[in-house]
Amino acid sequence: MATEVQEREYRGVQAPPVGTYTLDPNHTTIGFVAKHMMFTKVRGHFAEFEGTIVVGETPEQSSAEATMKVESLTTGVDQRDAHLRSADFFEVETYPTITFKSSAVEWVGGNQLRVTGDLTIRDVTRAVVLDAEYEGSTVDPWGGFRIGFSASTEVDREDWGITWNVALETGGVLVSKKVVLEIETQAVLRQEAAPETLPQAS
């Protein structure tokens, strides 16, 4: 017999149970999109990271944080990845991690949220605002309770001192200043934080 998913309502919409959730690295992507030569999108992601989502009684009582290992950055091209890890961009030997820590969560309506937080790259911290969406929840075949979120925002990499570029003869630059950050995540409710009403698998 399948385990029934236990959710709750917040202002008339479905919301995940209160608790602390750990990002599942096998079903989470923390990535970015930049343009090359002004017109081609290049995508990359961090293969190694850790993070948590804390769901409070209200969005304002909720939070999220994550730490990404820059060495694990990959775009599928070794030469390009090595350049991104170099001092021209992330300078991995000096700044091995990128961190995000939320400072405010706001309910926009429906399953939409606005998450404000501090993004630290190369020891420079800037506030960013993520447009987030609650995707739902379920009990997995092993009895874990999972939630899903997606989020995105656009940033100017020069705000973090990442200014390397090459001017093109036809105008424009080789690498876009604007970068889109994209997150697709599953997170698992920590057992010690599981609600008492969560039924056991049978």
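The values are calculated or read from the model by the stated rules, or taken from the named source; none is laboratory data. Please read these numbers as outputs of a predicted model, since none were measured by experiment. All Cβ positions, even for glycine, are placed from backbone atoms using ideal geometry, and neighbour counts span all protein chains on display.
So the check is Cβ under 6 Å with 6+ separation or different chains; which pairs have a first residue in region 164-182 that's touching a residue at least 40 places away in the same chain (Cβ under 8 Å) and under 11 Å from Thr153 (Cβ atoms) and a second one that's basic (Lys, Arg) and surrounded by 16 or more Cβ atoms within 10 Å (Cβ to Cβ)?
Val179/Arg157
Suppose we keep only residues that are in a loop (DSSP other than H, G, I, E, B) and of a type in the set (Val, Ile, Thr) within region 1-13. Which one would you say is modelled with the highest pLDDT?
Taking the candidates together, the pick is Val5.
Do we have any residue at all in region 98-110 that's farther than 22 Å from Glu60 by Cβ and touching a residue at least 60 places away in the same chain (Cβ under 8 Å)?
no
Show the residue pairs meeting these rules: Cβ distance below 9 Å; 6+ apart or different chains; first residue within region 115-126 and in contact (Cβ under 8 Å) with a residue 40 or more places away in the chain and within 15 Å of Thr97 (Cβ to Cβ); second residue of a type in the set (S, T, N, Q) and not in a strand (DSSP E or B).
Arg122/Thr94
Go through Gly31, Gly76 for me and flag whichever is at positive phi, of a type in the set (Gly, Ala, Ser) and modelled with pLDDT of 95 or more.
Gly76
Output the residues belonging to region 14-39 that are part of a strand (DSSP E or B) and not β-branched (Val, Ile, Thr).
Residues satisfying the conditions are Gln14, Ala15, Gly19, Tyr21, Leu23, Gly31, Phe32, Ala34, Lys35, His36.
Out of Ala127, Ala132, I need the residue that is under 14 Å from Ala64 (Cβ atoms), in a strand (DSSP E or B) and aliphatic (A, V, I, L, M). Which one?
Of Ala127, Ala132, the one residue that is under 14 Å from Ala64 (Cβ atoms), in a strand (DSSP E or B) and aliphatic (A, V, I, L, M) is Ala132.
Could you please find all residues in region 52-69 being within 13 Å of Gly31 (Cα to Cα) and surrounded by 21 or more Cβ atoms within 10 Å (Cβ to Cβ)?
Selection gives Ala66, Met68.
Just the residues that are over 12 Å from Thr75 (Cβ atoms) and not in a strand (DSSP E or B), please, taken from region 40-64.
Correct list: Glu48, Gly56, Glu57, Thr58, Pro59, Glu60, Gln61, Ser62.
Against the condition under 25 Å from Asn26 (Cα atoms), in contact with a Pro (Cβ under 9 Å, 6 or more places away or on another chain) and not aromatic (Phe, Trp, Tyr), how does Leu113 come out, does it pass?
yes
Would a scan of region 89-99 turn up a residue that is on the phi > 0 side of the Ramachandran plot and in a strand (DSSP E or B)?
No.
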